[in-house]
Amino acid sequence: MKNLIVIIVSVGVLFGAYSYTFGVPDQIAQLWGEPAVQEEAPAQAGGRPGARGGSRSTIVVMAPLEERSYTLVLRTVGSAVSLRKADIMASEAGEVVESALRANALVEQGDVILRLDDRTERLSLEIAEAERDQAESTLQRYEGLHETGSSVVTDVALFEAQVALRLAEANVGLAQVALDDRTIVAPIAGRLGLSDVHVGDRLTSGQTIVTIDDSTRLIAEFEVPERSIGLLEEGKQVFVTTPTFAGRSFEGSIIAFDSRLDSVTRSATVQAEIDNAEGLLLSGMTFTARMSEETDPLPVVPSTAVTWDRSGAGIWVSNDGRTTRMPIAIRYRDGDRIWIETDAPLGSQIVTEGASKLREGTTVVSARAGEGSRS
């Protein structure tokens with residue numbers, strides 16, 4: 001019995017609260033013998049929406065439709081390589097007799113970094129030079145006799161002496177090249193990498209000796225997804241960061257990007273040149289690349305203003321207090337803001353809160369206006 005009384009009292013309280021807020025339903029009023037209240041089309045100023053004797057307008061929050069630029073930001077991960085690098089290889093086989101290979105040492109172009117045993121090549125050069133001297137002496141003697149009109153030296157003999165001298169000079173040049181190949185010099189300025197070549201080792205032809213990286217400028221290589229291809233432009237500014245130097249960014253610019261998308265990843269490979277004059281970044285580092293660009297102004301609405309139905313996304317626009325749903329195309333999202341394309345004119349009043357309870361032609365009242373009328 002006690003539970004039944006509690007239930008009856010609870011139902012009475014709920015019915016009273018409903019009747020106070022929305023008015024007594026017409027069916028109940030007819031049972032009590034009261035005439036049904038007809039809704040008036042225009043809402044009475046200062047009247048409580050939904051109360052008996054006034055219109056049943058829906059209270060919503062509205063704001064004018066505004067436009068704003070959107071900042072496109074792309075973040076992607078890549079790696080860095082030196083803008084200029086060289087793999088030094090032995091062009092000839094031989095024993096190492098001198099080495100200046102010290103990891104991370106800075107070298108200038110032309111610095112000697114390694115020498116091979118060159119005794120044979122020096123002897124070959126001496127032989128070639130002696131043969132050249134002999135051929136030169138013979139030619140001078142022939143030319144002297146020929147100038148005096150001697151018939152001993154014919155034109156053919158003089159020509160053969162000239163050819164012999166040219167061949168001897170060419171052999172000297174070849175011997176000098178062979179001797180020079182025994183000395184390995186740096187082809188570019190940069191920083192030496194690690195090497196396992198030491199004095200006493202015997203190198204084979206084509207064996208890699210060491211790498212040199214000119215890291216004053218790096219090439220950052222990363223992938224850009226298909227949706228962000230519009231950001232790609234030669235000379236466009238790029239900022240890269242690395243966990244090694246947290247909180248610091250390095251500036252660069254795009255120098256090249258692929259002409260086609262990868263068929264699997266649907267992305268394009270991009271290369272950007274990064275200034276590394278301080279030498280803080282190393283070739284092979286992993287980094288995060290960031291690019292940004294502002295779009296043309298677009299209408300922007302809060303996410304609460306967007307509703308969905310079978311036709312897609314839309315917003316509710318208030319015209320003279322009655323709502324009309326306008327379809328939209330969503331372009332960008334950032335937190336609780338959505339950039340859209342719509343036929344709704346800028347400055348029109350759109351419903352930003354309470355849109356989910358609206359229907360076509362619903363009479364609405366701004367919550368701020370309602371609060372002002374009740375105060």
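The values are calculated or read from the model by the stated rules, or taken from the named source; none is laboratory data. Note that the coordinates shown come from a computational prediction; the quantities given were computed from them, not determined experimentally. Reconstructed Cβ throughout: ideal geometry from the backbone, glycine too, with neighbour counts over all protein chains shown.
Tabulated data
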item: Qualifying position, being assigned by TED's automatic domain parsing to the domain that holds Leu158, closer than 30 Å to Ala164 by Cβ and at pLDDT 90 or above, among Leu125, Leu145, Leu114; result: Leu125
item: Unique residue being touching a residue at least 12 places away in the same chain (Cβ under 8 Å) and within 16 Å of Met89 (Cα to Cα) when the list is Leu165, Leu174, Leu116, Leu125; result: Leu116
item: Per-region count, the stretch 280-300, residues in a strand (DSSP E or B) and surrounded by 18 or more Cβ atoms within 10 Å (Cβ to Cβ); result: 5
item: The stretch 218-248 - residue that is of a type in the set (Gly, Ala, Ser) and surrounded by 14 or more Cβ atoms within 10 Å (Cβ to Cβ) and, of those, nearest to Val270 (Cα to Cα); result: Ala220
item: Single residue of Ala268, Ala272, Ala277, Ala344 found to be in contact with a Leu (Cβ under 8 Å, 6 or more places away or on another chain) and either part of a strand (DSSP E or B) or closer than 30 Å to Ser79 by Cα (or both); result: Ala268
